[in-house]
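Okay, so here's the structure we're looking at.
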Ligand SMILES: Cc1ncc(COP(=O)(O)O)c(C=O)c1O
């Protein structure tokens with residue numbers, strides 16, 4: 001019934017403590033979360049290592065999941081340990097060596113008033129093998145589209161939480177960017193500075209200095225972002241957490257996206273549609289730059305357990 005071509009190797013998912021075949025769907029169409037995006041979620045990756053699959057920064061992802069649940073006023077009927085264990089089980093049951101893992105917590109079937117008074121909270125965990133998020137050519141660098149619409153502001157909604165409904169802005173704008181011939185969108189914030197991609201954080205590099213912004217710029221401060229800040233410092237690169245103006249972005253030597261799904265992907269071209277007629281720019285030479293390449297390699301080694309300094313961030317599935 002359900003085609004798994006976009007979910008390679010997915011055979012079973014975990015739902016409220018039980019495993020279901022991928023084909024089974026025990027959810028009613030009147031589920032509250034389906035109508036209003038009243039859900040919170042996480043995106044986590046596991047990578048192959050010599051000790052079998054390892055989940056990258058599981059603790060930080062579970063902590064953020066609990067934080068998001070709190071923002072959505074959902075109390076979780078499962079502990080951090082139970083969720084961590086269930087995630088490992090999902091990888092084992094599907095026999096995955098690498099995986100994208102999706103825990104989703106939502107108001108389920110009960111009532112359809114906006115206040116989910118009669119809706120229980122359900123938890124689903126799925127995992128499958130997910131390759132390059134922005135496509136197989138993304139390693140050559142991507143073109144981004146600076147949107148005319150501004151990112152939701154931190155004064156309107158807690159942008160540090162992964163709230164399901166909030167992602168409709170990411171979906172609409174991601175589609176718009178692709179319709180305009182770009183690979184991905186970039187949001188400015190209400191202040192007119194660079195915020196983030198629909199599901200990615202942004203770094204720029206200028207004269208050897210790596211700059212990324214923080215939550216005061218209406219972004220989700222990603223776990224990949226903070227890992228890269230540490231990796232960059234260990235590589236001896238200078239880093240700074242500061243706002244990034246649009247002009248700084250367009251005039252950068254290099255820029256890249258980072259995130260669990262996208263990993264590290266160079267931004268090499270920009271279509272700026274934030275005001276007036278869209279204009280095209282190259283970032284630096286328009287090629288993937290040396291800092292981006294070094295960080296990409298270092299991240300690749302880190303998540304695969306090839307650098308003992310970062311083994312602290314790995315949770316092995318078969319311990
Ligand atoms: C809006 C947004 N920004 C940034 C990120 C990157 O965060 P992380 O590195 O924790 O995956 C994500 C992905 O979770 C996201 O959805």
Using a basic spin-label model with each label point 7 Å from the Cα along Cα→Cβ, how many nm lie between residue 3 and residue 82? 3.7
In degrees rounded to 10, the 0-90 angle between helix 290-303 Cα long axis and the longest Cα principal axis of the chain is 20
Square roots of five times the Cα gyration tensor eigenvalues for segment 12-128, Å: 26, 16, 10
Take residue 234 and residue 21, extend 7 Å from each Cα along the Cα→Cβ direction, and tell me the distance between the two endpoints in nm. 4.4
Please compute one quarter of the surface area of the Cα convex hull for the chain and express it in square nanometres. 16.3
Output needed for segment 170-264: three equivalent-ellipsoid semi-axes, defined as square roots of 5 times the C-alpha gyration tensor eigenvalues, in descending order, whole Å. 22, 14, 13
Rounded to the nearest Å, the spacing of the alpha-carbon centers of segment 26-101 and segment 278-292 is 35
Mind pulling the angle between the C-alpha long axis of helix 167-179 and the longest principal axis of the chain? Nearest 10 degrees, somewhere in 0 to 90. 50
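Counting only DSSP beta bridges with both residues in the chain, tell me the antiparallel percent, nearest 5.
Expressed as a percentage, antiparallel bridges in the chain total about 75.
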How long are the semi-axes of the ellipsoid equivalent to segment 138-303, from square roots of 5 times the Cα gyration tensor eigenvalues, in whole Å, largest first? 22, 18, 15
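How much length is gained on full extension from residue 293 to residue 136, taking 0.36 nm per residue of separation minus their Cα-Cα distance?
Fully extending the segment from residue 293 to residue 136 adds 54.9 nm.
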Could you rank the peptides 231-242, 261-272 by their average count of other C-beta atoms within 10 Å per residue, with the highest value first? 261-272, 231-242
Relative contact order for segment 12-128: what is it in percent, counting Cα pairs under 8 Å that are at least 6 residues apart? 37
Order of 122, 61, 35 - criterion: other Cβ atoms within 10 Å of each residue's Cβ, fewest first: 35, 122, 61
Cα long-axis angle, helix 58-71 against the chain (0 to 90 degrees, to the nearest 10): 80
Segment 138-303: antiparallel DSSP beta bridges as a percent of all, rounded to 5: 60
Relative contact order for the chain using alpha-carbon pairs under 8 Å, separation at least 6, rounded to a whole percent? 19
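Throughout, read-outs are computed from the coordinates displayed, never taken from laboratory work. Treat the numbers as computed from the prediction; the structure is a model and nothing was measured. Note that we place each Cβ from the backbone using ideal geometry, even for glycine, and neighbour counts take in every protein chain shown.
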